[in-house]
Structures are given as structure tokens and as C-alpha cells.
Amino acid sequence: MRDTFYVTTPIYYVNGAPHIGHAYTTVVADALRRFHSLRGRRARFLTGTDEHGLKIEREAAARGMKPLDFATENADRFRALWPLLGVAPDDFIRTTEARHIAGVQKWWQTCAARGDIYLGRYKGLYCVACEGYKTEKELLDGGLCPVHERPVETLEEETYFFRLSKYQDALLKLFRETSFIQPETRRNEMIAFVEQGLEDLSISRTSFEWGIKVPGDPRHVVYVWFDALFNYRTALEADPALEAFWPPTVQLVAKDIVRFHTVYWPAFLMSAGLPLPETVFSHGYLLSAGRKTSKTPGQGGPAAVSYTTNPAKLVDALGADVLRYYLLRDVVFGNDSEFQVPNVIARARAELAETVGNLLNRTLPFVTRVFDGRVPSVDAALCGEREAELVAHGARVAVDSGALWETFAHHRAIELCLELARLGNQYFDTQAPWKLAKSEADRARLGTVIAHVLAVVRTVATMLAPVIPVKAAAMLGQLGLQLEAREGHDAWPAALTFVPAGTAIAPGEPVFLKYDAQTEAELLAALKADEPAAATPAAPEAPKVDAPVAEIAFDDFAKVDLRLGTVLSAEKVPKKDMLLKLSVDLGEAAGPRTIVSGIALAYKPEALVGKQVVVVANLAPRDFGKGLVSHGMLLACGPKESLGVATFDRAFAPGTRVK
Ligand code: MSP
């Protein structure tokens, strides 16, 4: 094993705020970084933001902002979130930084000098959300991108190609003979993908401006993935001392971008003559009510109540370590997992408070009362089978959980720590220190028991430090200890590790909140999603004339942005009799909007397609649950079974303002 460790997360798109899915990958990277530094390795962790490309250019334009200002605003939101989560990257790279731009141009020239880049023409189906071309075969019904379920666009342009096809055999060899792709399922998928044959890859664009200029041909900007992938390398290049970290030990991604990282990326690196990352690990999705969590507000599961998936709000209510614990312990690394706020609390209560915290809380009072606040010593003559069992189990857990971390099975490593803490609690129960404390004659035996329990707490707290850094330090602090990660010094326990006899303990407030019923209810109330899904939208009921509404000033009316829109598609919403989900073109650069309208009793979906409707375009989005969010409202009137939507007696361009 190398004595350096380099972990990366994807660099996140800056077209929106960070959500729990971004937090997930980044927390795992942070925990890995902490684990490896605890082992005495020189460890480094990189994250950052991906700021070029059509998607960002369009989103910025839709807000009337310059792309860089828009990117900066969102990059700052990512940067600000990480410390709240106890996440401490060694570097944060933005693809708009000069160091990155220069690096990408240099690597482009290197690949070109190898004869791997040539000029040609490309026509294809492009998904702006993916920033990638799709084949016909991949598309869902209706020509939708399989990842984003949004329409793709036909693009034709002069482009530079990268000779990806040249690397097909080398990639297959890499996949088959090394553990470059993990886990196994993803490896098999990528082998199957490459076996189908690789075409050369279009790596420049002329259709938009917001990107890095191709060296020697400023009409072209570098394809955003060629640009973005090199961040992992350009971030090390300013300082020669960082060269030791290359290649990355592990690059974390979710399965949405596994192809970019396991096919394109190693091919670029082979062309550039750079050593390849040891592993690209593709983890699963955090799901919210069965859907990948995303920038739209999430739902908290099958129950009617939905909870926020906003990481800052979750941290605010629950604390960083509790959220980290859940993400690292509950989610099997590599599998999809439903993100459920009640489960975050349940884990924290049962495992952190009632198992690990309890062990500490019930033991320290004996040290204070009987041993003057100093850790007692072990009397070897008084140790029996139970102590031997505890010591042996502790050693096994220390070794096994360390090995599990090394192989990206931290969720199992944490489970072993819990088992040890449970054994510690059983030992405490069976040895009944409260009985031993009654007689002076049992003092040495009591000291031996307490010392063993404290050894369990110390060992467990040390092994949980990568997961819950603040709480682990607090537990160790109460034991009078400090955890120090130093290069060249392996601080991971090799065995059940005793607290040196005589150490002055420093008891304080319980480290973990107990989460009684009232606290839990308050937390759940605080974490409810802002706009719980309404079963059905309000619709006018009776044919009678509605009561007049209070007078408003013209200025107030002018605040309502009414626009003409063309309905592109319409479909029923499962289990919601009144609702239709419409895709409406408002002439916006960002593409058509989804609008959910309570008109299903009056209109068949197909009757609406092509119709021009009047849309309240600046209404706050409304969340109908299960990932369905409405971005606007149609004007309509009449009883719900026979209502009519407002329209005009002649056609206008979509997006025309209605005044
Ligand atoms: N900018 C590209 C990556 C370029 S890397 C050279 C990108 N950005 S992204 O903002 O869409 O982030 C995708 C990544 O965020 C996923 O690969 C994953 O790491 C993380 N996740 C986003 N949503 C997630 C879930 N719902 N669940 C788990 N991980 C999630 O793709």
C-alpha cells in the first residue's frame, strides 16, 4: 500500500444548490481521507465545481446573469456547505480558475501531439443536462434522455474528435485485469459497453462560448467533460510537492457518470501518458421516495409526510455527525438507498446514544466516585474468561474494520464497531460494577472491569473518528485523551486499547442527544418539507359567481408574469385523478417547463397538445410529491368536470407576455 492516499469527488455542476446526493459523496470522501490520515498516510482530498458548458450558460442567461457570476454564486454555496458537514477538503477546484484552464490546454496539446485529436463534423442527439450525446437506442419513449427524462436536441457541428476507438483494447484489459472499476456490477457493465465498440469522441463545441478555448482554434471550446475530468490532475500541478499524490487512489462517483470516469478519463490519461487512477468507485443513488434526489425538493418516503433533503437544514437540526453517521453507516456503499429522515434519528438514538454513548456515560461516574477521577489499572491476576473474550474481540474488530475501510466497505466496518460497543455493554451488565462498588474488598476487581470498559470506549471512539470526528473527539476528551493524526504514525488501533492508568478523566455533558419522543417529534416537525404535497389542487367548484376579491393596485397586477405557452405534451398523473402533467414551451432558453394542472376531469391529455394556454409564469414552484414539481399554473375557469383553459383567438410566439 502506498504511503500517499488521494481521494476525489466529482466536481459538481453549479446550476443549482448542493443537495443531499452531493453531500453523500463528499462525506464519504472526507471520511476516507480521515481514515487514511489516521493510518499515518499522507492523505489528500479534492472536491470542487464544474462550471463550463451549455447547461450553465443557459441557466445563467435565464437569470439574466453573466455565466461566471452565476457560477460563483453557486460554487460558493458548495464551498460553504462542506464545513457545516465537518467536511474538510484539502483543495477546492473551480474549472474557471486560471490554474485549471492552463492545465486543460496543456493536456489537450499533449494528446494532440500524440496524434489523438483530429478535426471532423458531428451530428447527434445531445442531452444538455448530461452535457453528452446519446444514441437513439439509449433514449426512452418520446426521445427522452434516460438519465434526466428530458428531451434531447439534435446538434450538428464541426468538432475535434478524440481517438477513443484506439484505446478500446487497452481499456478492456484494464477493466478485466485490475480493480480499476468497482464494484463488480459496474465493472461488468462497462466491459459490456466497451465490447460493443467505441467510436471516436467529439471533444470540442462551436455552438456555445462558455468554456475553455481550444489551443490554436478559438472558435472551439473544449468539451466540458474533457475540461472537467482533468481537474483531478490540474489541482495538483501548481505545487511540485503534490506530484506524489498522483495517481488518485480512489475516485468516487455515482453511477450516472461512471462511463465518463471509466472509459473517457483513462483513455485521455493513456493518451496524455499519465499513470491511471487505482480505482474508480461508483456508489449508488440516495433516493427520495424512489427517485434520485436532486435539486428539486425531496420527499421523505412512502408515508404522506415528506422531509427536507436540504443538507444545511438537516445539519442545522440534527448536527453534522449524526447525518454523517447515517450516510456512512446506513447506506451500503455501492447500493441505492432511500433517504429517510426518521431513520437518521432512529440510528442516532439506538446506536450512538443508547449503545456507544451509554457505555461512556455509565462508566465515568465510577471513575469519579471510586477512583478520584483517574483511570484505574488492570489487575492481570483478576482477569478471567470474560476479559479475554473482550480483548480478543476488540483485536479482531480493530483489524477487520481497518481492512473493511481499505476495501470501501466502511458501512460494515462501522457495524463491527457497534458490535464491540454492544459487547462492552453486555460485559458491563454481567460484571455489575455497581455491586462491586459496594465493598472495598472488590476495589481492584472494580478497577479491572472499569478499565476494560473504558478500553472498549476508547477503541470504538477512535475507530469512529473518521465518521463522527467531533463526537469521537468529545468522547476521547472525556477519557482524558486526544486523537492525533500524524504522518508516519498509525493511530488506528491494532487491538483493544486501554486508557493509561492514572489518566485524569474529564466528564462533561453527554456527548449524544437521547432523542426522546418529544425531541424526535420536534425534530421531525422542523424537518418537514416546506410545501407538503397537496392531494389535489384547488379547483373552482360551483357554477355560481365567485365573491369579488379585494381591489389591488396596477403595480400589484404587474407583478404577475402571465405568458403565452404552447403545450408540447400532456399525460395523466398516476393515482391523481384531477391532475395532468404538461410540458409547456414558454420560449425559454432553459427548455420547456413542467406544469401540473388540475384539469384532468375536463380534458383528455391529447386534446391539449399544440394548444396555446395562458400561464402564470412567476409563481413559486409547487411540489406535488414523488418528484413531481409544477413550475407555473394555467389559467382556467368553470366547474372542474367541464372547465375551460384560457387561450387566445390567434397564435403568438411562445413566451409572449399577456397584459
Ligand atoms: N459535473 C459533473 C461531474 C464532473 S466530474 C469530472 C456532474 N456533476 S453533478 O453535480 O451532477 O454531480 C453528480 C454527482 O453528485 C454524482 O456522481 C454523485 O457523486 C453525486 N450525486 C448527485 N445526486 C446523487 C444522489 N441522489 N445519490 C448519490 N449521489 C449523488 O455530474
When every residue in segment 106-121 that is surrounded by fewer than 19 Cβ atoms within 10 Å (Cβ to Cβ) and closer than 25 Å to GLU209 by Cβ is compared, the one farthest from the ligand (Cβ to nearest atom) is ARG121
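Could you count how many residues in segment 292-330 are in a loop (DSSP other than H, G, I, E, B) and modelled with pLDDT under 90?
Step one: list which residues in segment 292-330 are in a loop (DSSP other than H, G, I, E, B), which gives 293-306, 308-310, 319, 330.
Now narrow it down to the ones that are modelled with pLDDT under 90: 293-306.
Qualifying residue count, segment 292-330: 14.
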Tell me which of these ALA547 doesn't satisfy, since it passes every other one: (1) modelled with pLDDT of 90 or more; (2) surrounded by fewer than 10 Cβ atoms within 10 Å (Cβ to Cβ); (3) of a type outside the set (D, E, K, R).
(1)
When you go through (1) more than 16 Å from the ligand (Cβ to nearest atom); (2) touching a Ser or Thr at 6+ places or on another chain (Cβ under 6 Å); (3) part of a helix (DSSP H, G or I); (4) aliphatic (A, V, I, L, M) one by one for LEU198, which number turns out not to apply?
(3)
Contact list, first residue from segment 406-418 and more than 14 Å from TRP492 (Cβ to Cβ), second anywhere and acidic (Asp, Glu) and buried (at least 17 other Cβ atoms within 10 Å of the Cβ), beta-carbon distance below 8 Å, six or more apart or interchain, is HIS411/ASP330; LEU418/GLU351
Taking interchain pairs and intrachain pairs at least six residues apart, which have beta carbon atoms under 7 angstrom, with the first residue in segment 257-274 and in contact (Cβ under 8 Å) with a residue 60 or more places away in the chain and the second within 14 Å of the ligand (Cβ to nearest atom) and among the hydroxyl-bearing types (Ser, Thr, Tyr)?
VAL258/SER282
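Looking at segment 238-252, can you tell me whether even one residue there is away from the ligand (no atom under 11 Å from the Cβ), farther than 15 Å from TYR6 by Cβ and surrounded by fewer than 21 Cβ atoms within 10 Å (Cβ to Cβ)?
First pass over segment 238-252, keeping only residues away from the ligand (no atom under 11 Å from the Cβ): 238-250.
So of that shortlist, the ones also farther than 15 Å from TYR6 by Cβ come out as 238, 240.
From what's left, surrounded by fewer than 21 Cβ atoms within 10 Å (Cβ to Cβ): 238, 240.
Within segment 238-252, one or more residues are away from the ligand (no atom under 11 Å from the Cβ), farther than 15 Å from TYR6 by Cβ and surrounded by fewer than 21 Cβ atoms within 10 Å (Cβ to Cβ).
Return the residues of segment 425-435 that are surrounded by fewer than 17 Cβ atoms within 10 Å (Cβ to Cβ) and either in contact with a helix residue (DSSP H, G or I) (Cβ under 6 Å, 6 or more places away or on another chain) or not acidic (Asp, Glu) (or both); say none if nothing qualifies. Working first, answer last.
The initial filter retains those residues of segment 425-435 that are surrounded by fewer than 17 Cβ atoms within 10 Å (Cβ to Cβ), namely 426, 429-430, 432, 434-435.
Residues satisfying the conditions are GLN426, THR430, ALA432, TRP434, LYS435.
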Within the bounds of segment 81-91, is there any residue that is touching a residue at least 12 places away in the same chain (Cβ under 8 Å), within 16 Å of the ligand (Cβ to nearest atom) and either among the polar types (S, T, N, Q) or in a helix (DSSP H, G or I) (or both)?
yes
Looking at ASP336 and the list (1) surrounded by fewer than 17 Cβ atoms within 10 Å (Cβ to Cβ); (2) touching a His at 6+ places or on another chain (Cβ under 7 Å); (3) not hydroxyl-bearing (Ser, Thr, Tyr), which single condition is not satisfied?
(2)
Taking segment 122-163 and keeping only residues that are in contact with a helix residue (DSSP H, G or I) (Cβ under 9 Å, 6 or more places away or on another chain) and assigned to a strand (DSSP E or B), one is left with LEU125, TYR126, GLY132, TYR160, PHE162
Selection within segment 474-502 - under 19 Å from ASN358 (Cβ atoms) and either within 32 Å of the chain's Cα centre (by Cα) or not in a loop (DSSP other than H, G, I, E, B) (or both):
ALA474, MET475, LEU476, GLY477, GLN478
Going by the conditions given, is THR96 of a type in the set (S, T, N, Q) and part of a helix (DSSP H, G or I)?
no
Given ALA432, ALA437, ALA451, ALA444, which one is under 20 Å from GLY357 (Cα atoms) and touching a residue at least 12 places away in the same chain (Cβ under 8 Å)?
ALA451
Filtered residues of segment 1-51 (kept if within 15 Å of the ligand (Cβ to nearest atom), outside any helix (DSSP H, G or I), among the polar types (S, T, N, Q) and modelled with pLDDT of 95 or more)
THR8, THR9, THR47, THR49
Looking at segment 125-135, is at least one residue within 20 Å of ARG58 (Cα to Cα), of a type in the set (A, V, I, L, M), modelled with pLDDT of 90 or more and surrounded by 14 or more Cβ atoms within 10 Å (Cβ to Cβ)?
yes
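Every residue, every condition in (1) of a type in the set (A, V, I, L, M, F, W, C); (2) farther than 30 Å from GLU136 by Cβ; (3) out of contact with any Asp or Glu (no Cβ under 6 Å at 6 or more places or on another chain), yes or no:
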position: GLN168; (1), (2), (3): no, no, yes
position: ARG187; (1), (2), (3): no, no, yes
position: MET190; (1), (2), (3): yes, no, yes
position: LEU198; (1), (2), (3): yes, no, yes
position: PRO218; (1), (2), (3): no, yes, yes
position: VAL222; (1), (2), (3): yes, no, yes
position: ARG233; (1), (2), (3): no, yes, yes
position: TRP246; (1), (2), (3): yes, yes, yes
position: LYS255; (1), (2), (3): no, no, yes
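Taking the options PHE78, PHE70, PHE45, PHE5, name whichever one is under 28 Å from ASP336 (Cβ atoms) and over 19 Å from the mean Cα position of the chain (by Cα). Spell out how you get there, then give the answer.
Values: PHE78 fails: over 19 Å from the mean Cα position of the chain (by Cα); PHE70 fails: under 28 Å from ASP336 (Cβ atoms); PHE45 fails: over 19 Å from the mean Cα position of the chain (by Cα).
Answer to the selection: PHE5.
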Among the candidates PHE208, PHE175, single out the residue that is aromatic (Phe, Trp, Tyr) and surrounded by fewer than 21 Cβ atoms within 10 Å (Cβ to Cβ).
PHE208
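Just give me the residues in segment 628-645 being in a loop (DSSP other than H, G, I, E, B) and either charged (D, E, K, R) or within 19 Å of PRO592 (Cβ to Cβ) (or both), in sequence order. Please lay out each step first, then the result.
So in segment 628-645, the residues in a loop (DSSP other than H, G, I, E, B) come out as 628, 631-632, 635, 638-639, 643.
Matches in segment 628-645: LEU628, HIS631, GLY632, LEU635.
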Which one of the conditions (1) assigned to a helix (DSSP H, G or I); (2) within 10 Å of the ligand (Cβ to nearest atom) does ALA60 fail to meet, given that it meets all the rest?
(2)
Subset of segment 586-622, residues farther than 26 Å from GLY64 by Cβ, in a strand (DSSP E or B) and either of a type in the set (A, V, I, L, M, F, W, C) or at pLDDT below 90 (or both), comes to VAL596
Any chance ARG422 is surrounded by fewer than 17 Cβ atoms within 10 Å (Cβ to Cβ), in contact (Cβ under 8 Å) with a residue 12 or more places away in the chain and basic (Lys, Arg):
yes
Criterion: over 13 Å from THR448 (Cα atoms), part of a helix (DSSP H, G or I) and of a type outside the set (Ser, Thr, Tyr) - qualifying residue of ALA388, ALA392
ALA392
Are any residues in segment 420-442 out of contact with any Leu (no Cβ under 8 Å at 6 or more places or on another chain), part of a helix (DSSP H, G or I) and either within 20 Å of ARG369 (Cβ to Cβ) or among the acidic types (Asp, Glu) (or both), and if so, which ones?
ASP429, GLN431, TRP434, LYS435, GLU440, ALA441
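The values are calculated or read from the model by the stated rules, or taken from the named source; none is laboratory data. Everything numeric in this text was worked out from a predicted model, so none of it was measured. Please note: Cβ atoms are built from the backbone with ideal geometry, for glycine as well, and neighbour counts cover all protein chains shown.
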